[in-house]
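Asker: What follows is a structure written as structure tokens; I'll ask about it next.
The values are calculated or read from the model by the stated rules, or taken from the named source; none is laboratory data. A quick note: this is a predicted structure, and the numbers were derived from the prediction, not measured. So basically every Cβ, Gly included, is an ideal-geometry build from the backbone, and we count neighbours across all protein chains shown. We work out accessible area using only protein heavy atoms, side chains counted, and drop any ligands, DNA or RNA first. Shrake-Rupley method; radii C 1.70, N 1.55, O 1.52, S 1.80 Å.
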Amino acid sequence: MTLDHLPPELRRTAKCGEFRQTHAGTNVVAMGWVARRRDLGSLIFIDLRDRAGVVQVVFNQETNAALHERAEDLRSEYVIAVEGKIIQRAVGTVNAGIPTGEVELIAERIYILNDARTPPFPIEDGVPTAEEARLRYRYVDLRRPRMQANLELRHRANFAVRSTLNDHGFLEIETPFMTRSTPEGARDYLVPSRVQPGTFYALPQSPQIFKQLLMVGGCDRYFQIVRCFRDEDLRADRQPEFTQIDLEMTYAQPELIYNVVEEMLVNLWKAGGFTIPRPFPRISYDEAMAQYGSDKPEMRLPRMFDAKPHFTAEDIQKLAIEPSLPFVAFRVPACSGLSRKERDELKPVATERGAKVFDDARALEKHYPQAVAGLKKELEWTENDLLILVGAPLGNGEAAPIAGPNPVNAVYTAAGALRLHAGQKYAAKHGLLRPDDFRFLWVLNFPMYEWDAEEKRFNAAHHPFTSPTDDTWEMLESNPGAVKAKAYDIVLNGTELGSGSIRIHRKDIQSRIFTSLGMSEEQAKQRFGFFLDALEYGTPPHGGIALGLDRIIMILAGENSIREVIAFPKTARAMDLMCEAPTTVSSTQLRELGIALKKDLS
């Protein structure tokens, strides 16, 4: 078979998926991949595919025998160009399943531009294919309609972000990919310097310091769709390199940030074909924990309620529940018919966290009828729902007593985990967790610090540049666990989409924060001296937020993994199977960098 050269004067008339009845009777040029070939003897039908879709091409032996003979050489994924005429399909041959189904291209000339090996898997949606094969041959996988749609959705989302923020006066400004390592958060990816032997750059985990410095520099409103890098354990919604929508504003109060972000998200969802209402509801971190047992609540499931007011002190004692800790109740809709075995399989989600679970509504109603009647009313419980109560045992119950630095939240977390697990496992079957039911929520006023039991010290709950609230910042030294932060998360259906805060703009407060985190003055100067210096040169109040673009596109596309919406992702072991990275480098490269590898890396 002879391959052809594309004549320089030949131009594509339209993409394959764009031909319609309005093109009927016109001479056109189409180019793409052979998606499918059907040989009916005197007629050969080719589905020609490109990013826009497919068009049927017809080779007729009776009208052009030589062309028909050439078409017999075509195989899957050959790249061809076809000259011919678009005609309307005959009655009864219309394919309503594709946008081009009312027309077909009668071939008059063909150019075979490249042949192809047999693809490693079918290039069509709905065919089970091992993910390892898909990632190894990603350039083939990307031709599939589903992947093309995901990449196009990502493009529309990027455009919506840029358009919205441009309308609000933001400047898109790039920040460095090679910066200094700061020992906060996840592990850094390090880049050795050849010209400064023994020193390393770090790839940014986020542009946090740089975007604050842009506010110091008078840029007023900044944004960036930026790549970030974190060397951490991976999962379905996490990659070693990922993309954030990053923005920062001077003189910003939280209300202003909420409004800008909500408008941006409305436009993002519009790009995905959805309409979402505004304003988004808001609750505090403490309310989120008490009502949902999580700082990223799944709002499609019924909330938790305080069960204590419905029980007497004597009841609590009989139930062997710790009276000083929360006792919460919630319902799992449409799940009253669960067997004893199914309910027993749910309980360890809470009991393994030290909580005590009550899930037998009949037994509770028999012994505490008044309490259960009150709970039914408050929870809007029906006979079709599963009633569950969770508390902390006194210490001689079926589980270990709740312990730790925050036993109140420990009870809420155990109950919240059980609520979510039961809902996802059973209530979802009844349509309660529809993927097109978008419940956005702002969670506000997070704790400034979280206790590290291993290190025996407080760490920053968000990051050390978050401003404490005006009514709690004086407790930085005396009671750090009670300090609240001007921090906020935007949450959707149990997933954190983004996290932000009003920043510290005064050096004295920033220095106090570093001290409260156990940094000496010398350590703070060594790690963040340039930033502390910048705060002395007229830094305006400012705040911002960063949202995970990959997660947003994953949700909009209805996917379960961000790998499905990233063109060239890594595996769960942070490997690029297609490029076979990471890989070893030559001894010459290592010598130039002044690096020697140990043979024993254990």
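Asker: So what are region 21-124's ellipsoid semi-axes, whole angstrom, largest first, if each one is the square root of 5 times an eigenvalue of the alpha-carbon gyration tensor? Numbers along the way, then the final one.
Answerer: Working: eigenvalues 80, 56, 34 Å².
They are 20, 17, 13 Å, listed largest first.
Asker: How many angstrom separate the Cα center of region 42-107 from the Cα center of region 460-539?
Answerer: That distance is 64 Å.
Asker: Toward the positive end of the charge dipole of region 361-478, about the Cα centre and with charges on Cβ (Lys, Arg +1; Asp, Glu -1), which of LEU432, ALA414, ALA363 goes farthest?
Answerer: Result: ALA363, furthest along the dipole toward the positive end.
Asker: What distance in nm separates the two pseudo spin-label positions at ARG278 and THR26, each 7 Å out from Cα along the beta-carbon direction?
Answerer: Taking the two extended label points, one gets 3.9 nm.
Asker: Please compute the net charge surrounding TRP381, taking Lys and Arg as +1 and Asp and Glu as -1 over other residues with Cβ under 12 Å from its Cβ.
Answerer: Details: positive: ARG331, LYS376, LYS377; negative: GLU365, GLU378, GLU380, GLU383, ASP385.
Result for the local shell: -2.
Asker: Within straight cross-link reach of LYS429, meaning Cα distance under 21 Å, which lysines are found once same-chain residues fewer than 8 apart are removed?
Answerer: LYS341, LYS347
Asker: In deg cm²/dmol and to the nearest 500, what is the mean residue ellipticity at 222 nm of the chain if only DSSP H runs of at least 4 residues count, each as -39500 (n - 2.57), divided by the residue total? Working shown, then result.
Answerer: Values: 17 runs with 169 residues, N = 602.
The helix contribution divided over the chain gives -8000 deg cm²/dmol.
Asker: Considering the dipole of the chain built from charges on the beta carbon (Lys and Arg +1, Asp and Glu -1) around the Cα centre, which of ALA157, LEU203, VAL443 is farthest to its positive end?
Answerer: With unit charges placed on the Cβ atoms, the residue in question is ALA157.
Asker: Order of 239-252, 4-17 by packing, highest average Cβ count within 10 Å first? Don't skip to the end; give the middle numbers.
Answerer: Values: 239-252: 21.7, 4-17: 12.9.
Ranked from most to least packed, the peptides come out as 239-252, 4-17.
Asker: Here is a further query. With all protein chains present, how much of the accessible area of region 289-423 (probe radius 1.4 Å) comes from carbon and sulfur, to the nearest whole percent?
Answerer: On the way: 3090 of 6180 Å².
Carbon plus sulfur share of accessible area: 50 percent.
Asker: Helix 254-271 versus the longest principal axis of the chain: what angle, 0 to 90°, nearest 10, using Cα atoms?
Answerer: Taking the Cα atoms of the chain, the angle to 254-271 is about 30 degrees.
Asker: Between ARG146 and THR571, take the C-beta separation as r, use R0 = 25 Å, and let me know the FRET efficiency to the nearest 0.05.
Answerer: Numbers: r = 19 Å, r/R0 = 0.78.
Plugging the Cβ-Cβ distance into 1/(1 + (r/R0)^6) gives 0.80.
Asker: Express the carbon and sulfur contribution to the solvent-accessible surface of region 523-602 as a percent, rounded to the nearest whole number, probe 1.4 angstrom.
Answerer: Working: 2440 of 4580 Å².
With neighbouring chains kept in place, the figure for region 523-602 is 53 percent.
Asker: Tell me the net charge near ALA572. Cut-off is 10 Å between Cβ atoms, ALA572 excluded, with +1 for each Lys or Arg and -1 for each Asp or Glu. The partial results should precede the final answer.
Answerer: On the way: positive: ARG235, ARG238, ARG563, LYS570, ARG573; negative: GLU131, ASP233.
Neighbourhood net charge equals +3.
Asker: Of all beta bridges DSSP finds with both residues in the chain, what is the antiparallel percent, to the nearest 5?
Answerer: Values: 88 of 95 bridges.
Taking every DSSP beta bridge within the chain, about 95 percent pair in antiparallel fashion.
Asker: Work out from phi, with θ = phi - 60° and the Karplus expression 6.51 cos²θ - 1.76 cosθ + 1.60, the ³J(HN,Hα) of each residue of region 568-580, listed in order in whole Hz, and give x for Gly and Pro.
Answerer: Working through the residues one at a time gives 10, x, 9, 7, 5, 9, 6, 10, 9, 5, 5, 8, 6 Hz.
Asker: Of (i) 77, 24, 20; (ii) 52, 36, 23; (iii) 73, 25, 19, which one was derived for semi-axes √(5λ) of the Cα gyration tensor in Å from the structure shown?
Answerer: Label of the calculated value: (ii).
Asker: Please work out how much accessible surface ILE502 shows to a 1.4 Å probe, ignoring ligands, DNA and RNA, in Å² rounded to 10.
Answerer: ILE502 has an accessible surface of roughly 20 Å² with all protein chains in place.
Asker: Past the 30 Å Cα-Cα mark, which pairs from LYS308/LYS484; LYS486/LYS525; LYS456/LYS570; LYS456/LYS486? Provide the component values of the computation, followed by the final result.
Answerer: Details: LYS308/LYS484 27 Å; LYS486/LYS525 25 Å; LYS456/LYS570 35 Å; LYS456/LYS486 25 Å.
Beyond 30 Å between Cα atoms: LYS456/LYS570.
Asker: Further, regarding this structure: How far apart, in nm, are the 7 Å Cα→Cβ label points at ARG75 and ASP360?
Answerer: Computed distance between label sites ARG75 and ASP360 equals 6.8 nm.
Asker: In whole angstrom, note down how far apart the Cα centers of region 143-222 and region 331-374 are.
Answerer: Taking the Cα centre of region 331-374 as reference, the centre of region 143-222 is 47 Å away.
Asker: For the modelled label position 7 Å from the Cα of ASP231 along Cα-to-Cβ, which residues of region 152-181 have backbone nitrogen atoms closer than 20 Å?
Answerer: Counting backbone N atoms under 20 Å from the label point, the list is 176-181.
Asker: Could you give the angle, 0 to 90 degrees to the nearest 10, between helix 145-167's Cα long axis and the longest principal axis of the Cα atoms of the chain?
Answerer: Roughly 60 degrees, rounded to the nearest 10.
Asker: Show the residues, 5+ positions off or on another chain, whose built amide H is closer than 5 Å to the amide H of ALA485.
Answerer: PHE446, MET448, THR469
Asker: So how tilted is helix 507-516 from the main axis of the chain? Cα-based, degrees 0 to 90, rounded to 10.
Answerer: With both axes taken from Cα atoms, the answer is about 70 degrees.
Asker: On to the next question. By how many nm would the segment from MET1 to GLN523 lengthen if fully extended, with 0.36 nm per residue of separation less the alpha-carbon distance? All intermediate terms of the calculation are to be shown ahead of the outcome.
Answerer: Details: separation 522, 0.36 × 522 = 187.92 nm, distance 7.04 nm.
That pair, MET1 and GLN523, stretches by 180.9 nm at full extension.
Asker: Further, regarding this structure: At a 1.4 Å probe, what is the % contribution of carbon and sulfur to the accessible area of region 91-238? Don't skip to the answer; put the middle values down first.
Answerer: Numbers: 4130 of 8100 Å².
Whole-percent figure for carbon plus sulfur exposure: 51.
Asker: May I ask you to rank HIS542, HIS462, HIS155 by accessible area, largest first, using a 1.4 Å probe over the protein chains only?
Answerer: Working: HIS542 0, HIS462 55, HIS155 115 Å².
The most accessible residue leads, giving HIS155, HIS462, HIS542.
Asker: Could you work out the relative contact order of region 211-352, using alpha carbon pairs under 8 angstrom and six or more residues apart, expressed as a whole percent?
Answerer: Working: 103 pairs, mean separation 17.9, N = 142.
Once normalised by length, the contact order is 13 percent.
Asker: Also, quick follow-up: FRET efficiency for VAL408 and THR583, Cβ-Cβ distance as r, R0 = 35 Å, nearest 0.05? Present the calculation step by step, with values, prior to reporting the outcome.
Answerer: Details: r = 50 Å, r/R0 = 1.42.
Computed FRET efficiency for VAL408 and THR583 comes out at 0.10.
Asker: Mind checking the per residue accessible area of region 105-226 for me, 1.4 Å probe, whole number of Å²?
Answerer: Values: 6550 Å² over 122 residues.
With the other protein chains kept in place, region 105-226 gives 54 Å² per residue.
Asker: Over the chain, what relative contact order in percent results from Cα pairs under 8 Å that are six or more residues apart?
Answerer: Details: 1121 pairs, mean separation 78.3, N = 602.
Result for the chain is 13 percent.
Asker: Under 15 Å from a point 7 Å along the Cα-to-Cβ line of LEU532: which residues of region 210-235 have their amide N that close?
Answerer: In region 210-235, the label zone of LEU532 (backbone N under 15 Å from the point 7 Å along Cα→Cβ) covers no residue.
Asker: How large is the accessible surface per residue of region 419-547, computed with a 1.4 Å probe and reported in Å² as a whole number? Kindly include the intermediate steps, with their values, before the conclusion.
Answerer: Values: 5830 Å² over 129 residues.
It amounts to 45 Å² per residue over region 419-547.
Asker: Full extension from THR199 to VAL127: what is 0.36 nm times the residue separation minus their Cα-Cα distance, to one decimal in nm? Let's see the in-between values first.
Answerer: Values: separation 72, 0.36 × 72 = 25.92 nm, distance 4.89 nm.
Full extension from THR199 to VAL127 adds 21.0 nm.
Asker: Let me ask you something else. So, for region 269-399, what is the accessible surface per residue at a probe of 1.4 Å, expressed in square angstrom? If you can, show how the numbers build up before the last one.
Answerer: On the way: 6510 Å² over 131 residues.
I get 50 Å² per residue for this part.
Asker: Continuing with the same structure: Suppose each label sits 7 Å from its Cα in the direction of the beta carbon; what would the ASP39-CYS219 distance come out to in nanometres?
Answerer: The two pseudo-label positions are separated by 6.1 nm.
Asker: Take the Cβ-Cβ distance between THR515 and PHE177 as r, set R0 to 25 Å, and report the resulting FRET efficiency rounded to the nearest 0.05. Write out the running numbers ahead of the final one.
Answerer: Numbers: r = 31 Å, r/R0 = 1.24.
So, using R0 = 25 Å, E works out to roughly 0.20.
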